[in-house]
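Only the coordinates and a few stated rules stand behind these numbers; no lab work does. The model shown is predicted, which means the values in this text are computed figures rather than measured ones. In this analysis, Cβ positions are derived from the backbone assuming ideal geometry, glycine residues included, and neighbour counts consider all displayed protein chains.
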């Protein structure tokens, strides 16, 4: 998450689904699904469509049908993942405007009438910057704003891989800009 700041305005940019790990998973999933589908169809035809993918030991009923099913399902999941990468779902920014006294969240969603997600809050309702850290096998570092009479507003993605130092520095910068305290250290 990168940011830009002046005396009265701070903008934090949020990464979406365009990441290297998503690209790798999309390629692996799509190529595996195509392989399953080709082997399943080859078992139906009785002839190998691609010589490297032999299907002579696979009987169409039940193995070939199952492979066609998994291939088709994998194609749909792979295409879904490629679409989220192409549309960069989840990307956006968080502007903090001291002159207007507002804080907003802007994110890109899936295409449609609700593709642009824009939520505006009043800065007076921000009580503190909250930092929730869970260490372990699947560690989570979540940065959020504690709001008056509302749920916490998350500023980072759950899957964001920030180091402890980076997330603490980001919390300190935001708290300093907003002139509020930090909770959760």
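A few remarks follow.
- Rg over Rh [alpha-carbon atoms, Kirkwood Rh] for the stretch 91-183: 0.98
- Degrees separating the helix 164-178 axis from the principal Cα axis of the chain, which is the longest one: 40
- Once the Cα atoms are used to define both axes, helix 65-87 deviates from the longest principal axis of the chain by about 30 degrees.
- Expected-Rg normalisation [2.2 N^0.38 Å, Cα atoms] applied to the chain: 1.46
- Residue list for the stretch 6-36, given a label point 7 angstrom along the Cα-to-Cβ vector of residue 70 and an amide N cut-off under 17 Å: 28-36
- Over the stretch 91-183, Cα pairs under 8 Å with separation of 6+ residues give a relative contact order of 21 percent.
- Per-residue Cβ neighbour counts within 10 Å put 156, 102 in the sequence 102, 156, beginning with the fewest.
- Only Cα pairs under 8 Å and 6+ residues apart enter the sum, and on that basis the relative contact order of the stretch 21-87 stands at 43 percent.
- Relative contact order for the chain: 18 percent, from Cα pairs under 8 Å spaced at least 6 residues apart, divided by residue count.
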